[in-house]
Amino acid sequence: MNRSLTDPQRNLPVVDAIVVGASAGGVEALLKIFSTIGPDFRLPIITVLHLSDERRSQLAQVFQSRLPIPVKEADDKETIAPGTLYFAAPGYHLSVEMDLSLSFSQEERVFHSRPSIDILFASAADAYGERLAGILLTGANHDGAQGLATIKRNGGLTVVQDPAQAQARTMPEAALALHTPDYLLSLPDIGQLLVDLERIAC
Amino acid sequence: MEHERNIDIELRLLIEAIYLKYSYDFRDYSGASIKRRVNHALRQFDCKTISVLQDRVLHDAAAFMQLLQFLTIPVSEMFRDPSHFLAIRREVVPVLKTYPSIKVWIAGCSTGEEVYSTAILLREEGLLERTIIYATDINPTSLEKAKQGIFSLENVRAYTENYQKAGGQRAFSDYYTAAYDYAIFDKSLRENVTFADHSLATDSVFSETQFISCRNVLIYFNKKLQDRAFGLFHESLCHRGFLVLGSKETLDFSSYSGDFESLVKQERIYRKS
């Protein structure tokens with residue numbers, strides 16, 4: 001069921017991590033939702049953003065210059081650290097392992113994409129179970145919809161950007177066609193939700 | 001969640017069964033990727049559960065060979081990461097030229113793209129004739145493809161750009177003959193190549209080498225298995241020998257980090273200390 005952010009009954013679960021997926025229009029959308037993050041933010045955020053390989057390699061630097069928490073391109077076998085924003089590296093799928101480390105692979109592309117949002121989301125759902133929040137934003141393909149439904153099936157919290165307000169609505173609409181997320185929100189409201197999730201968890 | 005727990009149990013049993021029956025050891029592979037590949041295989045084999053699949057492969061060696069094609073990932077390119085090959089030409093080749101004979105090990109060679117790339121580079125540097133290349137993999141089907149040296153022409157067109165960026169000195173088409181949709185690579189490139197079945201998880205060192213390339217193989221291993229592989233490379237390499245890895249692989253977090261120095265950090269070129 002969709003819940004409104006203003007709902008006083010709103011009962012957010014405790015999560016240990018947040019995964020985010022975005023494609024076309026994703027840079028602006030991510031900058032907007034992350035703008036609420038303060039220097040004391042303690043949850044790890046793991047993000048797959050589809051971009052051409054050349055552009056994606058600059059991603060961590062661009063976000064680091066705007067955010068008060070550490071931002072980095074993920075490394076293979078790296079243990080997930082609190083309060084860090086990770087971006088998937090160009091050309092590799094990014095997974096979360098059961099021991100809460102990150103791992104790379106070069107399996108087939110998913111919806112023409114490597115890294116794939118579905119692969120990050122499904123593996124994170126496996127590793128974190130119900131203690132995970134998944135957020136799917138603007139995009140022009142169907143990646144992420146399956147993965148987000150898997151997060152829901154494993155008991156996690158799911159959030160979809162309102163397609164009416166998304167720069168590209170295909171991706172959020174594909175997610176809505178597969179399952180009903182806990183929240184359907186605008187970007188500023190997703191930013192607020194990040195803050196609330198963090199306050200409850202940490 | 002109960003279902004998920006069953007899957008994890010079944011997956012472990014399958015991996016164990018494969019090891020006991022066929023001696024292929026996937027026990028220390030990274031779990032997330034193995035799980036995806038087994039799930040993918042389930043659909044292809046039309047098996048309802050991993051237990052059903054286990055029953056199939058345990059009693060049918062041919063079915064296991066089919067499953068092996070799903071468990072290994074034959075994703076490769078020629079001259080993948082051109083700057084890596086350019087750095088080998090500039091930083092490694094001058095040292096290799098001082099050796100009277102050279103042994104090269106391409107570990108996890110898959111369908112051979114890395115082998116032909118390395119052979120072409122060595123030929124252009126005048127080294128191929130005095131080099132023996134050991135190209136190893138655990139997948140016999142991939143090794144058979146590697147031996148053939150036949151790649152899709154469409155892909156080879158994309159590799160041409162890589163080759164040029166990698167410092168290629170000729171026309172890439174000098175190295176193959178186009179036939180229909182395929183590029184058949186010059187068989188003289190593999191005259192000194194030995195293709196062999198070898199597992200970094202279970203086998204030991206077979207030769208002293210001067211140069212080892214193992215690219216985008218170690219990402220599929222957990223840290224323990226990575227360490228085993230690094231141990232083999234360390235043992236095989238001669239004094240001051242070279243080890244090169246994939247663009248996102250590193251020795252930094254392994255217990256062998258002190259036994260190698262980074263020669264070109266960005267390109268993952270290491271040298272035995």
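Here, each number is a calculation from the coordinates, and none is a lab measurement. A quick note: this is a predicted structure, and the numbers were derived from the prediction, not measured. Cβ atoms come from the backbone with ideal geometry, glycine included; neighbour counts cover every protein chain shown.
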> Based on the Cα gyration tensor of region B:99-171, what are the three equivalent ellipsoid semi-axes, each the root of five times an eigenvalue, rounded to whole Å and given largest first?
Replying inline: 20, 19, 8
> Past the 31 Å Cα-Cα mark, which pairs from B:K21/B:K265; B:K103/B:K223; B:K97/B:K165?
Replying inline: B:K21/B:K265
>> I need to check one value: relative contact order of region B:2-71, counting alpha carbon pairs closer than 8 Å and at least 6 residues apart, in percent.
In response: 31 percent
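Largest first and in whole Å, what are the equivalent-ellipsoid semi-axes of region A:58-158 based on the Cα gyration tensor, each being the root of 5 times an eigenvalue?
Taking √(5λ) for each eigenvalue gives 20, 17, 14 Å, largest first.
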>> Using alpha carbons only, how many angstrom separate the centre of region A:78-104 from the centre of region A:25-55?
In response: 14 Å
> To the nearest 0.05, what FRET efficiency results for B:K165 and B:H3 with a Förster distance of 35 Å applied to their C-beta separation?
Replying inline: 0.15
> P(r) of region A:126-171 in 10 Å steps, Cα pairs, percent per bin?
Replying inline: 30, 48, 22, 1
> If one computes the Cα centroid of region B:89-118 and of region B:210-273, what distance in Å separates the two points?
Replying inline: 15 Å
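Going down the list A:K77/B:K272; B:K248/B:K272; B:K147/B:K224; A:K72/B:K48, which pairs span over 29 Å between their C-alpha atoms?
B:K147/B:K224; A:K72/B:K48
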>> Under a crude label model (7 Å from the Cα following the beta-carbon direction), how far is A:L178 from B:D186 in nanometres?
In response: 4.8 nm
> How large, in Å, is region A:17-201 by the Kirkwood hydrodynamic radius built from its alpha-carbon pairs?
Replying inline: 15.7 Å
>> Along the Cα→Cβ direction, 7 angstrom out, place labels at B:D203 and A:S35. What is the inter-label distance in nm?
In response: 5.8 nm
>> Suppose each label sits 7 Å from its Cα in the direction of the beta carbon; what would the B:N155-A:R153 distance come out to in nanometres?
In response: 3.1 nm
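Working from the alpha-carbon coordinates of region B:2-71, get Rg over Rh, Rh being the Kirkwood radius. The partial results should precede the final answer.
On the way: Rg = 10.9 Å, Rh = 11.9 Å.
Expressed as Rg/Rh, it is 0.91.
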> Placing +1 at every Lys and Arg Cβ and -1 at every Asp and Glu Cβ, with all other atoms neutral, what dipole size does chain A have around its Cα centre, in debye to the nearest 20?
Replying inline: 360 debye
> In square nanometres, what is the average projected area of the Cα convex hull of the protein assembly as shown?
Replying inline: 23.2 nm²
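Name the chymotrypsin sites (Phe, Trp or Tyr not before Pro) in region B:205-244 that are in a loop by DSSP and that have at most 14 other C-beta atoms within 10 Å, would you?
B:F206
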> If one puts a single equal scatterer on every Cα of region B:82-272 and applies the Debye formula without solvent, what log₁₀ I(q)/I(0) results at q = 0.08, 0.09, 0.14 Å⁻¹?
Replying inline: -0.24, -0.30, -0.76
>> Show me, for region A:158-163, the HN-Hα J-couplings you get by feeding each phi into the Karplus relation (A = 6.51, B = -1.76, C = 1.60, θ = phi - 60°), rounded to Hz, glycine and proline as x.
In response: 10, 9, 10, 5, 4, x
> Between A:K77 and residues 5 or more places away or on another chain, which pairs have amide H atoms under 5 Å apart, with H built 1.01 Å from N, and which residues are they?
Replying inline: A:L102, A:S103, A:F104
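Subtract the Cα-Cα distance of B:Y19 and B:E261 from 0.36 nm times their separation in residues, and report this length gain in nm to one decimal.
Values: separation 242, 0.36 × 242 = 87.12 nm, distance 3.48 nm.
Between B:Y19 and B:E261, full extension yields an extra 83.6 nm.
Can you give the net charge of the other residues whose Cβ lies under 14 Å from the Cβ of B:H40, counting K and R as +1 and D and E as -1?
Numbers: positive: A:R109, B:K35, B:R36, B:R37, B:R43; negative: A:E107, A:E108, A:D118, B:D46.
Surrounding charge for B:H40 is +1.
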> Residue-wise, which Karplus ³J(HN,Hα) couplings in Hz belong to region B:242-248, taking 6.51 cos²θ - 1.76 cosθ + 1.60, θ = phi - 60°, and x for glycine or proline?
Replying inline: 10, 10, 10, 10, x, 5, 10
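Within region B:63-152, which trypsin sites (Lys or Arg not before Pro) sit in a loop by DSSP and count at most 13 neighbouring Cβ atoms inside 10 Å?
Working: sites: B:R80, B:R89, B:R90, B:K97, B:K103, B:R123, B:R130, B:K145, B:K147; in loops: B:R80, B:K97.
Sparse-neighbourhood loop trypsin sites (Lys or Arg not before Pro): B:K97.
Just flag the chymotrypsin sites (Phe, Trp or Tyr not before Pro) in region B:139-199 sitting in loop per DSSP whose Cβ has no more than 12 other Cβ atoms within 10 Å.
Details: sites: B:F151, B:Y159, B:Y163, B:F172, B:Y175, B:Y176, B:Y180, B:Y182, B:F185, B:F195; in loops: B:Y180.
When the chymotrypsin sites (Phe, Trp or Tyr not before Pro) of region B:139-199 are filtered for loop state and at most 12 Cβ neighbours within 10 Å, B:Y180 remain.
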